[in-house]
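Worksheet for the structure shown next.
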Amino acid sequence: MPVDHYENFPVASILMPRRLVPAVEAIYAFARGADDVADEGDATPAERLAGLAEYGAALDEIAAGRTPAHPMFARLAGVVRQFDLPLQPLRDLLSAFRQDVATTRYADYALLLDYCRRSADPVGHLMLALYGAVNERNLADSHAICSALQLINFWQDVAVDIEKGRIYLPLADLDRYGVSHHDLRTGVDTPAWRALMAFEVERARALMLSGAPLAKRLPGRIGWELRLIVQGGLRILERIEQAEYDVFRRRPKLSKAEYALMAWRALRM
């Protein structure tokens with residue numbers, strides 16, 4: 001599907017059953033649109049929150065059994081009914097986007113993971129629901145994979161986020177390794193910075209690997225799709241390491257050749 005933003009992780013790959021693609025696109029349109037309301041352009045915080053409130057009102061209409069007038073929301077309503085999707089994951093996404101408007105720092109890793117629980121984990125929950133594979137064990141592994149992907153996105157986009165006035169690296173970790181806000185703003189490459197990023201990369205890798213058994217447990221296309229997603233996240237971490245953690249000047253971006261490597265690794269999982 002066409003997207004306006006560069007993504008290291010594909011939204012709807014050729015492995016996905018065609019019957020699910022319209023549903024995934026409807027969910028993606030909702031999530032991407034709401035994220036842009038919270039994050040893009042030069043709107044005021046009040047305007048952003050008002051825009052997100054419209055998304056919340058649309059979910060309320062869907063919950064009441066009505067079809068919103070806006071085509072994007074109407075499309076989502078049809079998907080929710082067709083697949084009996086839960087609305088709470090979508091509400092959690094909006095909660096995270098509202099937080100983006102007001103929160104630009106995270107004191108510690110626990111608070112950052114709570115944000116990931118609402119900004120990333122809902123997507124995995126909805127995907128499992130589309131495939132009819134929701135259970136406690138699958139959700140736990142899915143949450144680990146999705147949160148790891150969110151962390152990986154943060155680590156590769158440190159320079160992008162600091163330009164927006166945001167720091168997703170836990171402040172406790174910055175203090176622990178002696179990395180200042182000035183270091184982030186100027187992109188200083190120091191031993192302290194490399195030590196910090198090595199720690200964060202390994203923490204994201206461990207989280208990803210803890211959820212990876214889900215990719216082997218799920219059958220058919222969803223399992224292969226998830227294997228590639230896991231390998232994509234792990235490959236980005238490798239690229240960060242290969243750049244000696246200099247994400248300021250060498251932001252990792254997957255090439256076509258690396259997708260072949262990921263496919264090979266997925267086969268060997």
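Can you give the extra length, in nm with one decimal, that the chain gains between Phe83 and Asn135 once fully stretched, where that is 0.36 nm per residue apart less the Cα-Cα distance?
17.1 nm
Quick check on the chain: helices-only [θ] at 222 nm, where DSSP H runs of length 4 and up contribute -39,500 (n - 2.57) each and the sum goes over total residues. Nearest 500, please.
Numbers: 14 runs with 189 residues, N = 269.
That calculation yields -22500 deg cm²/dmol at 222 nm.
Tell me the trypsin sites (Lys or Arg not before Pro) within the range 24-94 that lie in a loop according to DSSP and have at most 14 other beta-carbon atoms within 10 Å. Before the final figure, lay out the partial values.
Details: sites: Arg32, Arg48, Arg66, Arg75, Arg81, Arg91; in loops: Arg66.
Listed in order of number, the matching sites are Arg66.
What is the extension gain from Asp161 to Asp246, computed as 0.36 nm multiplied by their sequence separation minus the C-alpha to C-alpha distance, in nm to one decimal?
On the way: separation 85, 0.36 × 85 = 30.60 nm, distance 1.47 nm.
29.1 nm is the gain from fully extending Asp161 to Asp246.
Over the alpha carbons of the range 84-197, what is the largest minus smallest coordinate on each principal axis, giving the biggest first in Å?
49, 26, 20 Å, listed from the longest principal axis down.
Tell me, what is the FRET efficiency for Ala110 and Asp39 to the nearest 0.05, using R0 = 30 angstrom and their Cβ-Cβ distance as r?
It comes out at approximately 0.80.
Over the Cα atoms of the chain, what is the Rg over Rh ratio if Rh follows Kirkwood?
With Rg and the Kirkwood Rh in hand, the quotient comes to 0.96.
Cut-off under 12 Å on the C-alpha distance; same-chain residues fewer than 8 positions from Lys253 excluded. Which aspartates and glutamates are left, in chain and number order?
Result set, ordered by chain and number: Glu7, Asp157, Glu238.
Given 5 Å bins starting at zero, what is the percent of C-alpha pairs of the range 191-252 in each, up to the one with the largest pair distance?
Bin by bin from 0 Å, the calculated values are 4, 18, 23, 19, 14, 10, 7, 3, 1.
Once fully extended, how much extra length lies between Ala260 and Thr186, figured as 0.36 nm per residue of separation less the alpha-carbon to alpha-carbon distance?
The span from Ala260 to Thr186 would gain 23.1 nm if fully extended.
Please list 146-154, 51-59 highest first by mean number of surrounding beta-carbon atoms within 10 Å per residue.
Values: 146-154: 24.3, 51-59: 17.9.
Ranked by mean Cβ neighbours within 10 Å, highest first: 146-154, 51-59.
Cα-based Rg (one decimal) and Dmax (whole number) for the range 52-109, in Å?
13.6, 41
The numbers here are math on the coordinates, done by the rules we state, and not lab data. Because the structure is predicted, anything quoted here is derived from the model rather than measured. Note: ideal-geometry Cβ built from the backbone for every residue, glycine included; neighbour counts use all protein chains shown.
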